[in-house]
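A.B. asks: Quick one: the structure is below, questions incoming.
The values are calculated or read from the model by the stated rules, or taken from the named source; none is laboratory data. Just so we're clear, the structure is a prediction, and the values are computed from it rather than from any experiment. FYI the Cβ positions are ideal-geometry reconstructions off the backbone, even for glycines, and counts take in every protein chain you see. Surface accessibility is based on the protein's heavy atoms, side chains included, excluding ligands, DNA and RNA. Shrake-Rupley method; radii C 1.70, N 1.55, O 1.52, S 1.80 Å.
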Amino acid sequence: MKVSTDACILGAWFAAKVPDISTILDVGSGTGLLMMMLAQKTNSEIHGIEIDLAAFRQLKENINQNQWKESLKVFPGDARSFIFPAKYDFIIANPPFFENDLEPETETVQVAKHSKMLSLHELIQVFNKNLQLYGAFGLLLPAHRWKYFDGLASAAGFSLVERLMIKQTPAHDHFRAVLHYSRNKENFAPSFELVIQKPDGSYSDEFVELLKDYYLYL
């Protein structure tokens, strides 16, 4: 499971927004990227769950080799049925992407990248079940799926707080959406845009500002 640029954007966007002292759950932690990005910026207790055992072994290794390990705890298992030790103030997820689209060949990649194991409807149920009454969640989706997800979230009693639409360059269409929801009714949900690269191929000023604390060479 490679580290992707859009996953780094997701982690950096919310690391600056979650309360400094809170309880956080990362659903589908992979190798721990989001957990460690959030730990770098907050004093929160952060839990993660990962269903793929090979990824979970890598996750444990990564968690145990960094300076924030005392605030991080990980579980192997399925978020749909797992009984977590607490309700959380914030839940973050980089969920499977390509529900109903062409599936890749291997079972491992299907689990990692597709909604074969965890649909968006099921993901919202996980959020609903494991959030505090005042809790919020954030996730990353393909840009074209955000309106579909918004309908599911609204039906479950969640309200959009804000969204970040991501472009690779000014000439490209939006390809990812970072979404922020809470149970509080929001009358206005601002939309922001992030362009990763300038036309000359260098990183945009906004991208550098967002990721400079995480990338080694910005």
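A.B. asks: Which of (1) open to solvent by less than 60 Å² (accessible area, probe 1.4 Å); (2) more than 16 Å from residue 180 (Cβ to Cβ) does residue 64 not meet, given it meets every other one?
C.D. replies: Residue 64 satisfies all of (1) open to solvent by less than 60 Å² (accessible area, probe 1.4 Å); (2) more than 16 Å from residue 180 (Cβ to Cβ) except (1).
Yes or no, residue by residue, for (1) at pLDDT below 95; (2) farther than 30 Å from residue 213 by Cβ; (3) in a helix (DSSP H, G or I):
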residue	(1), (2), (3)
31	yes, no, no
63	yes, no, yes
89	no, no, no
96	yes, no, no
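A.B. asks: Tell me, please, whether a residue that is crowded, with 17+ Cβ neighbours inside 10 Å and within 20 Å of residue 19 (Cα to Cα) can be found in the stretch 187-199.
C.D. replies: For the stretch 187-199, residues crowded, with 17+ Cβ neighbours inside 10 Å and within 20 Å of residue 19 (Cα to Cα): absent.
A.B. asks: So residue 19 fits all but one of (1) touching a residue at least 40 places away in the same chain (Cβ under 8 Å); (2) open to solvent by 20 Å² or more (accessible area, probe 1.4 Å); (3) assigned to a helix (DSSP H, G or I); (4) not charged (D, E, K, R); what number is the exception?
C.D. replies: For residue 19, the failing item is (3).
A.B. asks: Then there is this: Within the stretch 122-166, track down each residue that is more than 20 Å from residue 34 (Cβ to Cβ), open to solvent by 40 Å² or more (accessible area, probe 1.4 Å) and not in a helix (DSSP H, G or I).
C.D. replies: Hits for the stretch 122-166 are 133, 134, 157.
A.B. asks: From (1) hydroxyl-bearing (Ser, Thr, Tyr); (2) assigned to a strand (DSSP E or B); (3) in contact (Cβ under 8 Å) with a residue 60 or more places away in the chain, pick out the condition that doesn't hold for residue 214.
C.D. replies: Among (1) hydroxyl-bearing (Ser, Thr, Tyr); (2) assigned to a strand (DSSP E or B); (3) in contact (Cβ under 8 Å) with a residue 60 or more places away in the chain, residue 214 violates only (2).
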